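Structure first, then comments.
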Amino acid sequence: EADNYDIMLCNMRGEAVFLPIAKMLGKPLVNVMHLNLFPELSDLFAKYQTPIITISEAQRKDFPNLNYLATVHNGVDTSKYTFNDTPEDYLLMVGSIGRHKNQAGAIRVAKKLGMKLILAGKINDRPYYEELKKDIDGVQVKWVGEMAFDEKLKLYQNARVFLFPILWNEPFGLVMIEAMSCGTPVIAFRNGSTSEVLLDGKTGFVVDDEQMMIGAVGKIDQIKRIDCRTHVEDNFTVEKMVDDYEKA
């Protein structure tokens, strides 16, 4: 098929395989980084002078000298993740159950505030989930597993606050823009892309620890839910993402 296309846009996690294949075919390859860079992959990108699209500026921090073509933020379908200005009174965290996602931190925050917390997501780390189980009582702290889209949408729309207490350098964090598209403000730890995706004090808060997260929940009424929605409409739509890929 090599004569039937001009360029390869790679969104797969097989960069090390595709680089020599593209060279063999004599085709330009642009690689989109959906996970974080690491030294061995960086060395390969440098060797092949691969044009790279990052999904956040934060991804570039540890490897600033590669052949970066553009940063294209992820987009969300705002016609599906629709706005709600009348939430209920619970905290929400959506993400696979894993130590780096830090559901334990969200549970501690909820307990100290005396608020209900809903956790949604598949179990990636079974031993970690077993540690959490003692605090998931089904009343104050509830885990609902993976959900169908309509159910997940209602959770996003009706949450008062979305918590994102991550302990790793998140390359983007799609759940943040899904929540904000529904009008739900986000409180996130200052790791990876969070300061890039959120407007601190406008669409939520970027904090450094659980104590600050607790304080931020107390200030959440300062955030206008319509500002969260507008921020997504201005910066994180599917249309903008596609346009930015075409420009790159």
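The values are calculated or read from the model by the stated rules, or taken from the named source; none is laboratory data. None of these values were measured; they are calculated from a predicted model. For neighbour counting, all protein chains shown are included, and Cβ atoms are generated from backbone atoms with ideal geometry for every residue, glycine included. Surface areas here come from the heavy atoms of the whole protein model, side chains and all, with no ligands, DNA or RNA. Shrake-Rupley method; radii C 1.70, N 1.55, O 1.52, S 1.80 Å.
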If you average the sequence gap of Cα pairs under 8 Å that are 6 or more apart and divide by the length of the stretch 9-131, what percent do you get for the contact order? 17 percent
Expressed to one decimal in nm², the mean projection of the alpha carbon convex hull of the stretch 179-245 is 4.5 nm²
How large is the dipole of the stretch 45-96 about the Cα centre if only Lys and Arg carry +1 and Asp and Glu carry -1, each at its Cβ, rounded to the nearest 20 debye? 500 debye
In the chain, once you exclude exposed GluC sites (Glu not before Pro) (DSSP loop, at most 16 other Cβ within 10 angstrom), what's the longest stretch remaining? 147-248
Debye sum, Cα scatterers, the stretch 104-248, no solvent: what log₁₀ I/I(0) at q = 0.10, 0.11, 0.17, 0.20 1/Å? -0.35, -0.42, -1.01, -1.36
Please tell me the relative contact order of the stretch 153-248 in percent, rounded to the nearest whole number, where contacts are Cα pairs under 8 Å and at least six residues apart. 26 percent
Model label zone, Thr86; criterion: amide N under 15 Å from point 7 Å along Cα-to-beta-carbon; scope the stretch 137-162: 157-159
Carbon plus sulfur, as percent of the 1.4 Å-probe accessible area of the stretch 99-248, comes to 49 percent
Between helix 225-235 and the chain: long-axis angle, C-alpha atoms, 0 to 90°, nearest 10: 0 degrees
Can you spot the lysines whose alpha carbon is less than 19 Å from Lys134's alpha carbon? Ignore those fewer than 8 places along the same chain. Lys101, Lys111, Lys112, Lys116, Lys122, Lys142
Let me know the whole percent of all Cα-Cα pairs from the stretch 1-134 that are separated by more than 24 Å. 54 percent
Cleavage-rule hits (chymotrypsin sites (Phe, Trp or Tyr not before Pro)) in the stretch 1-72: DSSP loop, at most 13 neighbouring Cβ within 10 angstrom: Tyr5
Can you give the convex hull volume of the alpha carbon atoms of the chain per residue, in Å³? 138 Å³
Summed over the other residues with a beta carbon less than 9 angstrom from that of Ser193, with K and R at +1 and D and E at -1, the charge totals -3
Relative contact order for the chain: what percent, with Cα pairs under 8 Å and sequence separation of 6 or more? 19 percent
Using a Gaussian network model of the chain with C-alpha springs under 10 Å, which one of Leu199, Leu174, Leu41 is most mobile by mean-square fluctuation? Leu41
